Amino acid sequence: DEANFSFRADIPARPHKGIPNPDIKTETSNNFELGLRSRSEKFDFDVTGFYNRYDNFIQRAAFIGYDNSDIGSITPVPFQVFQTKNVSEAEIYGLEIKAAYRFNSQPGGFALRGGLGFQVGNDLTEDKPLSTVGPLQAVLGLGYQSPNDKWGAELVGTFVAKAREQESFVNPRSIVVGQPESSRTLIDPYEPEGYALVDMIGYYKINPNLTLTAGIYNIFDAEYYQYSDVSSIDTNSRVFEAQRGRYAQPGTNFAVGLNWQF
């Protein structure tokens, strides 16, 4: 699947395609993890640290440049090209923390929970960050559950930091044999700013098998972009602003659901 990864999307504002890589090599790794877990009537705590070292790390759907020869009538701009590729040597390390505090030792009542995920990925071959590793993220929630678990609600804050800076690189599809280096174009990946979100979610159990859920998301109508959605957008592109705006996440929005368990 990784060797034959292929697709094509003729989208006028952002045409893109994936091409296969028959030369992909098998990934191997050494993974180390150390964790601590604690449980009590009122307080739960988990912390885990990890370090992973890779040979031939497989970077799926990596952005490799623009195909300037692939411009059609529907798509008047070059296609973005993605390909699964190997990174000869790479490392990913980080820390994960989860905690929950219940104000009442009996079932139900208020509870405070939180979590933090921090990862760093490095391409050791070219001494630069791995573009597929996202930024630090933390979640903090204050919730209430009725003693009989008939209903509950939670106010949740999500905080995402700015991702590590990605280096500019030469578009490999602008390298033409016999042409001067000055004719090559640079790709400068977009790095979205950090953001904070506040959501309110709740549930009501109509019966043991049927649960009504509802939520108000992004209550303060923040404009934000998820790193994984926009990290392949080139800020040097003449359609940069149009591309970026298409990937903004929703403003304040509402959702209602009905879960039937049988």
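In nm, to one decimal, how far is the modelled label at GLU193 from the one at ARG53, with both set 7 Å along Cα→Cβ?
Once both label points are built, they end up 4.0 nm from each other.
Regarding the range 1-88, what are the three Cα extents along the principal axes, ordered largest first, in Å?
Sorted largest first, the three principal extents are 65, 33, 19 Å.
Would you mind estimating how fast the range 147-262 diffuses translationally, via Stokes-Einstein at 4 °C and 1.567 mPa s with the Kirkwood radius over Cα pairs, in µm²/s?
72
Measuring from label point to label point, each 7 Å out along Cα→Cβ, what is the ALA3 to ALA61 span in nm?
About 2.2 nm, to one decimal.
Carbon-plus-sulfur fraction of the accessible area of the range 1-99, 1.4 Å probe, in percent?
51
Once you have the Kirkwood Rh of the range 69-171 from its Cα pairs, apply Stokes-Einstein at 4 °C and 1.567 mPa s and quote D in µm²/s.
The calculation lands on 72 µm²/s.
Cα-Cα over 19 Å: which of LYS85/LYS162; LYS98/LYS128; LYS17/LYS85; LYS42/LYS205?
Correct reply: LYS85/LYS162; LYS98/LYS128; LYS42/LYS205.
Under a plain spin-label model, where a point goes 7 Å from the Cα along Cα-to-Cβ, how far apart in nm are ILE216 and GLU96?
Result: 3.2 nm between the two label points.
Answer with one residue from ASN209, PRO250, VAL77: the one whose Cα lies farthest towards the positive end of the charge dipole of the chain, charges on Cβ with Lys, Arg +1 and Asp, Glu -1.
It is ASN209.
Taking the solvent-accessible surface of protein heavy atoms with a 1.4 Å probe, what is the per residue accessible area of the chain in Å²?
Accessible surface, normalised per residue, equals 60 Å².
Per q in 0.07, 0.12 1/Å, what log10 I(q)/I(0) does a Debye calculation on the alpha-carbon atoms of the chain return?
Scattering profile of the chain, log10 relative to I(0): -0.37, -0.95.
With a 1.4 Å probe and all protein chains left in place, how much of the accessible area of the range 135-262 comes from carbon and sulfur atoms, in whole percent?
Accessible surface attributable to carbon and sulfur in the range 135-262 totals 57 percent.
Considering only the other residues whose Cβ falls under 11 Å of the Cβ of ASP44, what net charge follows from Lys and Arg at +1 and Asp and Glu at -1?
With Lys, Arg at +1 and Asp, Glu at -1, the neighbours total +4.
The values are calculated or read from the model by the stated rules, or taken from the named source; none is laboratory data. Everything numeric here is computed off the predicted structure, so don't read it as measured data. Methodologically, a virtual Cβ is constructed for each residue, glycine included, from the backbone with ideal geometry; neighbour enumeration extends over all protein chains shown. Heavy atoms of the whole protein, side chains included, go into the accessibility calculation; ligands, DNA and RNA do not. Shrake-Rupley method; radii C 1.70, N 1.55, O 1.52, S 1.80 Å.
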